[in-house]
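**Student:** I have a structure I would like to understand better, so I am pasting it below and will then ask my questions one at a time.
FYI, it's all coordinate maths here, none of it is from the lab. For clarity, every value in this text was computed on a predicted model and none was experimentally measured. In this analysis, Cβ positions are derived from the backbone assuming ideal geometry, glycine residues included, and neighbour counts consider all displayed protein chains.
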Amino acid sequence: MNPPRPLLILGMHRSGTSCLAAMLVAAGARVDGEAVRNWDNPRGHHEANSLVRLNEDVLAASGGHWLDPPERLRWSLHHEAERDRLLSAPGFTVWKDPRSLLTLPFWTASPVPFQAIGVVRHPLAVARSLLAWRGVPVEDGLRLWMAHMVPLASAGVEVLAFDQPRDTLVARLRDIAVRLGLPRPDEVGAGYAAELVHHDAGEGPGVGSPLLDEAMELFHRLGGEVSAGGRPFPWGTIREAQEALAARRLDEADRLAQEALAHPGCDVAAVVAPLAAAWLHAHQGERLLAWLAPLSLPSALAGLLRGKALLDARRPLEAAEALRQACAVEAPLFEARHLLPVALWDAGQPEAADEALASLLPVALYPFRVHARRAEWAWLRRDTEAAFAHLDAAILAAPPRRQGRLLHRRAAWRASLGDHARAVEDRALALERDPAYRPGR
């Protein structure tokens, strides 16, 4: 009997890829290695960290990022070897990362056989989720939806419509699980979490977007179905609260925030995310703390938001404690793990901060950033040997278009120590590797 071939789930961010992966895992599939977990999906994204790092590496080597897709892909023999290693994982492995659509030619070039399914969700629902999740403007969200869905349209794989009724989606995925030979196909429904489906395609931001007609044509071509879907979301009230915060009308913002939370049928955690971001953008950490206090939120999310608010309020010792608690759970949120070293540093605990930062290297999506921060902190501690060692590691780990800033930093440090000849060499190398970067930008 032939070994099971790995399965790639192909879909845009916020399109139900995590839900599909969870349903397949419930049916007996597996995710290989440590998985990404962030506040926006408390049940986990089912994204293997090794897969996300590889996709990000390929995008960076191509001069892009998932928020800024490159025009042409480039990859190395090292990337190929890692790709084929991942695809050769034992057992029935689900590989799910929306970035795989942007790097699809890289994956299809592998000699290791694999199979794939796609998922499509209404472009407005996706764009609104990106707006709440990361503050991405709706127009940019629709452009990103197109950048991901165009490759899916030509991938030649079966595509599921996430907006279809739950029972229909579960039945279709059960049939797929049977076809794949998963041991528990009748359990696929256990992976569907209706409470995590937000941001429908009804009234809200983006209805009049000129990009919407083009996106809808592709949506229907992919088999997408228009459905109420999602859960009610108080977009109008949230926008009013954001505008009040921007104008420093704090009491009005607080009233509107409470009104948004009271919106019937909505998920509290989903509403809290854009509102908390607005409080922090207005540097109102103390007000955010007071607003969060009575709310019932998942402990990891509550600890993360409290830690961010305390950092904004310049209470780093308390922030560090809140973030420590957020990181003490079995699968801590990535953002909490990244903020803990910052809180420890601000609290005057440099050794603990560096230790916490170093612990991120095996899991960080962008290891060069961890090396660079360790270098900066070592320099501030006047440990020049460690500073240069960490900065050298950052330069080696960074893609070319990120090396200019790092090389200029090394040049400045060398010049400050009187090593002007090597500083000139670093500046010349910076221009060669990253000609678009200029100091001071």
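**Student:** Measure out, as a whole number of angstrom, how far apart the alpha-carbon centroids of the range 88-155 and the range 377-441 sit.
**Tutor:** First find each Cα centre; the distance between them is then 35 Å.
**Student:** Let me ask you something else. Using Cα-Cα distances under 8 Å and only pairs 6 or more residues apart, what relative contact order does the range 7-221 have, in percent?
**Tutor:** Computed over the range 7-221, the figure is 30 percent.
**Student:** Continuing with the same structure: First check a/c for the range 319-378, with a ≥ b ≥ c the square roots of the eigenvalues of its C-alpha gyration tensor; if it is under 1.5, answer rounded, and if not, answer prolate when a/b is larger than b/c or oblate otherwise.
**Tutor:** The shape class here is oblate.
**Student:** Looking at the chain only, what percent of DSSP beta bridges run antiparallel? Nearest 5 please.
**Tutor:** DSSP beta bridges in the chain are roughly 20 percent antiparallel.
**Student:** Go ahead and set up a Gaussian network model of the chain, Cα springs under 10 Å, then flag whichever of Ala378, Ala81, Ala127 fluctuates most.
**Tutor:** Top of the fluctuation ranking is Ala81.
**Student:** Still on this model: Provide the percentage of antiparallel DSSP beta bridges, counting only those with both residues in the range 1-160; round to the nearest 5.
**Tutor:** 20 percent
**Student:** So for the chain, averaging the separation of alpha carbon pairs under 8 Å that are six or more residues apart and normalising by length, what relative contact order in percent results?
**Tutor:** Relative contact order of the chain: 13 percent.
**Student:** How big is the C-alpha Rg of the chain next to the rule-of-thumb value 2.2 N^0.38 Å, as a ratio?
**Tutor:** Ratio of Cα Rg to 2.2 N^0.38 Å: 1.04.
**Student:** Now for a separate question. By what distance, in whole Å, do the Cα atoms of the range 7-221 stretch along each of the three principal axes, largest value first?
**Tutor:** Projected onto its principal axes, the Cα set of the range 7-221 covers 48, 42, 32 Å.
**Student:** Here's another thing I want to ask about it. Treat every Asp and Glu Cβ in the chain as -1 and every Lys and Arg Cβ as +1, leave all other atoms uncharged, and give the resulting dipole magnitude about the Cα centre to the nearest 20 debye.
**Tutor:** 760 debye
**Student:** OK, next. Pop the C-beta distance of Ala190 and Ala436 into the FRET formula with R0 = 45 Å and round what comes out to the nearest 0.05.
**Tutor:** 0.40
**Student:** Give the Debye-formula value of log10 I(q)/I(0) at each listed q (0.14, 0.19, 0.20, 0.28 Å⁻¹), with one equal scatterer per alpha carbon of the range 127-192, two decimals each.
**Tutor:** Ignoring solvent entirely, the Cα scatterers give -0.62, -0.89, -0.91, -1.06.
**Student:** Given H placed 1.01 Å from N in the peptide plane, which residues other than close sequence neighbours of Val159 have an amide H under 5 Å from its amide H?
**Tutor:** Correct list: Gly118.
**Student:** Please list, in order along the range 328-337, the HN-Hα scalar couplings obtained from phi with the Karplus expression 6.51 cos²θ - 1.76 cosθ + 1.60 (θ = phi - 60°), rounded to whole Hz, x for Gly and Pro.
**Tutor:** Working through the residues one at a time gives 7, 6, 4, 10, x, 5, 4, 5, 5, 5 Hz.
**Student:** Looking at the range 394-424, which trypsin sites (Lys or Arg not before Pro) are DSSP coil and have at most 14 other C-beta atoms within 10 Å of their C-beta?
**Tutor:** For trypsin sites (Lys or Arg not before Pro) across the range 394-424 that sit outside H, G, I, E and B with at most 14 neighbouring Cβ atoms in 10 Å, the list is empty.
**Student:** Which far-off residues, 5 or more places away or on another chain, put their amide H under 5 Å from the one on Glu47, with H placed in the peptide plane?
**Tutor:** HN-HN under 5 Å from Glu47: Val36.
**Student:** Could you list log10 I(q)/I(0) for the range 366-441 at q = 0.18 Å⁻¹, which the Debye formula gives when each Cα is one point scatterer?
**Tutor:** Log10 I(q)/I(0), no solvent term: -0.65.
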